[in-house]
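Novice: Pasting in a structure now, in structure tokens, and then I'll have a few things to ask.
The values are calculated or read from the model by the stated rules, or taken from the named source; none is laboratory data. Keep in mind the model is a prediction, meaning the values are calculated, not measured. Heads up, the Cβs are rebuilt from the backbone with ideal geometry, glycines too, and the neighbour counts pull from every protein chain shown. With ligands, DNA and RNA removed, areas are computed over all heavy atoms of the protein, side chains included. Shrake-Rupley method; radii C 1.70, N 1.55, O 1.52, S 1.80 Å.
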Amino acid sequence: MREMTIFKEKACLVAYFSRAGEHCVKESLVHLPQGNTEAVAKIIRACTGADEFCIQTKTPYPCGLRQTAHMAQRELYADARPELAVHMDRMEQYAIVFLGFPIWWGNPPMPVISFLEEYDFAGKVLIPFCTHEGSGFGHSERTLHIHCPQAKRLPGLAVHASEVHASENQVLRWLQEAKDLL
Ligand SMILES: Cc1cc2nc3c(=O)[nH]c(=O)nc-3n(C[C@H](O)[C@H](O)[C@H](O)COP(=O)(O)O)c2cc1C
């Protein structure tokens with residue numbers, strides 16, 4: 001995989017939330033050992049040399065898709081801030097944060113909001129990416145702006161779940177465009 005040196009010179013972080021377990025693939029329920037967003041995060045990491053941080057909750061989401069859907073919906077309606085299990089030590093060292101998440105009900109999962117509210121993003125560049133099954137970013141770019149207005153936000157990348165494992169060229173093109181906007 002090609003490395004893009006401009007990002008190597010900057011202190012970059014790929015922070016992502018992703019859920020392994022039961023997913024709907026071509027109308028069948030399939031167990032994925034690695035979440036889709038994590039797969040894209042790994043590609044970004046390989047292309048940029050960024051550090052990696054996985055956003056994890058103290059109470060993990062269920063393996064089952066239906067159970068996760070119920071929990072996610074409850075959290076969205078309650079505007080919940082799920083407690084995170086792991087915290088970043090030196091967030092201030094990063095100038096650029098790639099932030100990845102699956103789309104849940106047209107939005108980032110609530111743990112992503114917990115993450116955004118935990119750190120100071122003033123002066124940082126925030127570059128979102130998501131995986132989805134048809135809705136693209138939905139409302140999430142607006143949600144990111146509301147919860148993280150201090151960051152300079154660059155255009156995001158939305159990867160369809162079915163294209164995650166063939167998304168390297170798409171990711172590289174997007175990184176190139178982001179690089180030109182820095
Ligand atoms: C609770 C829940 C809600 C979802 N809502 C949407 C949605 O609104 N729009 C969409 O396109 N996909 C939706 N999806 C599909 C996920 O965004 C998609 O499968 C994603 O790639 C999962 O990423 P992950 O494996 O990293 O968790 C939803 C999935 C779940 C579990």
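Novice: Taking the range 32-55 as the region of interest, how many residues are assigned to a helix (DSSP H, G or I) and more than 12 Å from the chain's Cα centre (by Cα)?
Specialist: First, the residues of the range 32-55 that are assigned to a helix (DSSP H, G or I): 36-48.
Add one more test, that the residue is more than 12 Å from the chain's Cα centre (by Cα), and what stays is 43, 45-48.
Number satisfying all stated conditions: 5.
Novice: List pairs: first residue in the range 124-139 and more than 16 Å from ALA39 (Cβ to Cβ), second residue polar (S, T, N, Q) anywhere in the structure, Cβ distance under 9 angstrom, at least six positions apart or on different chains.
Specialist: That search, which allows pairs on different chains as well, returns LYS124/GLN150; PRO128/SER140; GLY138/ASN107; HIS139/ASN107.
Novice: Identify the single condition in (1) without any contact (Cβ under 8 Å) to a residue 12 or more places away in the chain; (2) within 15 Å of the chain's Cα centre (by Cα) that ALA78 does not satisfy, given that it satisfies every other one.
Specialist: (2)
Novice: When the residues of the range 140-156 are narrowed to those that are of a type in the set (A, V, I, L, M) and in contact (Cβ under 8 Å) with a residue 24 or more places away in the chain, which ends up nearest to PHE101 (Cα to Cα)? If you could, list the steps in order and put the result at the bottom.
Specialist: As a first pass, look at the range 140-156 and keep what is of a type in the set (A, V, I, L, M): 144, 146, 151, 154.
From what is left, the residues that are in contact (Cβ under 8 Å) with a residue 24 or more places away in the chain are 144, 151, 154.
Details: LEU144: 11, ALA151: 17, LEU154: 16 Å.
Filtering the range 140-156 for residues that are of a type in the set (A, V, I, L, M) and in contact (Cβ under 8 Å) with a residue 24 or more places away in the chain, the one nearest to PHE101 (Cα to Cα) comes out as LEU144.
Novice: Let me ask something else about it. Count, please, the residues in the range 1-43 that happen to be touching a Leu at 6+ places or on another chain (Cβ under 7 Å), among the aliphatic types (A, V, I, L, M) and at pLDDT below 95.
Specialist: 2
Novice: Filter the range 138-170 for residues that are closer than 18 Å to PRO111 by Cα, open to solvent by less than 20 Å² (accessible area, probe 1.4 Å) and in a helix (DSSP H, G or I) and give the result. Even if it seems obvious, please write down each step before you answer.
Specialist: At the first step, the residues of the range 138-170 found to be closer than 18 Å to PRO111 by Cα are 138-149.
With open to solvent by less than 20 Å² (accessible area, probe 1.4 Å) added as a condition, the list becomes 140, 144, 148.
Answer for the range 138-170, where residues must be closer than 18 Å to PRO111 by Cα, open to solvent by less than 20 Å² (accessible area, probe 1.4 Å) and in a helix (DSSP H, G or I): SER140, LEU144.
Novice: Being buried (at least 21 other Cβ atoms within 10 Å of the Cβ), at negative phi and away from the ligand (no atom under 16 Å from the Cβ) is the requirement here; does VAL97 meet it?
Specialist: Against the criterion (buried (at least 21 other Cβ atoms within 10 Å of the Cβ), at negative phi and away from the ligand (no atom under 16 Å from the Cβ)), VAL97 qualifies.
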